[in-house]
């Protein structure tokens, strides 16, 4: 008798790994598992030992700009200065990818819950990890002898073969 991979079985395994559907609605949980997976610390305490810095500055004429840099003492206007903060989510994710699993520390001057770009970046990283862990769970189940459920197309072909063979 065949054992089939079901959505419920995959979800059960994802829950054990911290990536269940219900947990995905808890922002603190999402942040915690993303930080754990990437060996990441997000801090708002400035120090010289951060791997990346994202912060707001004010121009001489009073406009806000955002800085995203690996080296706080070397800022290139064309590469590290952003007029809009909606570019910062991609900057944050790039900093995480560039330092993946190396005990990374990222300074963000505003890590509060109302920082939408940071929440968006963490949510995006979480969604990507759900895909990675879903594939991992499916591979584990296949290694344990489970099979994918037949698709409607496969079922139709099987039915036609039965009819053709008078079974």
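Once fully extended, how much extra length lies between residue 79 and residue 148, figured as 0.36 nm per residue of separation less the alpha-carbon to alpha-carbon distance?
Result for the pair: 20.1 nm of gain on full extension.
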Proxy reagent accessibility, fewest Cβ within 10 Å first, across 19, 4, 82: 4, 82, 19
Share antiparallel - DSSP beta bridges, the range 1-151, percent rounded to 5: 45
Fluctuation leader among 139, 87, 61 - the chain, Gaussian network, Cα springs under 10 angstrom: 61
Extension reserve of the residue 22-residue 115 stretch, reckoned as 0.36 nm per residue once the Cα distance is removed: 31.2 nm
Taking N as its residue count, the alpha carbon Rg of the chain over 2.2 N^0.38 Å: 1.50
Between 0 and 90°, nearest 10: helix 116-143 axis offset from the chain longest Cα axis: 30
Nearest-ten-degree value, helix 152-164 long axis tilted from longest Cα axis of the chain: 10
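What ranking do 127, 104, 96 get, fewest neighbouring Cβ atoms within 10 angstrom at the top? Please report the intermediate quantities before stating the final value.
Numbers: 127 12, 104 20, 96 23.
If I rank by nearby Cβ atoms, fewest first, I get 127, 104, 96.
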Neighbour-count order for 9, 149, 125, fewest beta carbons within 10 angstrom listed first: 149, 9, 125
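Show me 110-123, 30-43 ranked by packing, highest mean number of other Cβ atoms within 10 Å first.
Numbers: 110-123: 15.7, 30-43: 17.6.
Put in order of decreasing packing, that is 30-43, 110-123.
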C-alpha long axis of helix 27-38 to longest principal axis of the chain, angle in °: 90
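Laboratory data are not the source of any read-out in this text; all were calculated from the coordinates shown. Nothing here was measured: the structure is a model prediction, and the numbers come from that model. Note that we place each Cβ from the backbone using ideal geometry, even for glycine, and neighbour counts take in every protein chain shown.
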